[in-house]
1. At a Cα cut-off below 17 Å, give the lysines reachable from residue 101, other chains included and same-chain residues fewer than 8 away excluded.
2. Find the Cα radius of gyration of region 1-72, compare it with 2.2 N^0.38 Å by division, and give the number to two decimals.
Amino acid sequence: MPALGNLLIAIAKVIDMVVGLYTLLIAGAVILSWVRPDPLNPIVRFIHSATEPLFSKVRRLLPSFLKRSGIDWTPMIVIILLVFLQSFLSGTLLDFGLSLKSRESNLETQPLTYLQPLEFN
């Protein structure tokens with residue numbers, strides 16, 4: 001069981017790291033939307049290709065009053081969803097992995113009571 005606990009902890013850490021990096025990409029996309037970057041720049045192309053597929057899916061789900069507001073709410077909504085994913089999924093996996101690990105270590109340190117002689121009073 002400690003191997004499963006370690007696996008879940010590692011998966012939780014990887015999810016946490018990936019979500020953090022994607023949040024930084026979204027922040028970069030927001031900053032790039034404020035300026036006129038060179039569209040042929042490889043960094044600009046990478047940020048656009050990494051964020052735009054998710055942005056377009058979220059834009060399709062937005063209500064019409066948010067689309068007409070003049071402000072692109074998509075990055076904020078995506079960041080909120082990522083924070084939820086990071087705290088819920090990563091946190092749950094981490095807690096479950098730690099509980100599996102501690103349960104195994106508690107089983108190893110507890111004395112075997114069924115091998116001890118019974119005392120009668």
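What follows is calculated from the coordinates using simple rules that are stated; it is not laboratory data. Keep in mind the model is a prediction, meaning the values are calculated, not measured.
1. Partners found: 13.
2. Details: Rg = 17.1 Å, N = 72, 2.2 N^0.38 = 11.2 Å.
So the Cα radius of gyration is 1.53 times the expected 2.2 N^0.38 Å.
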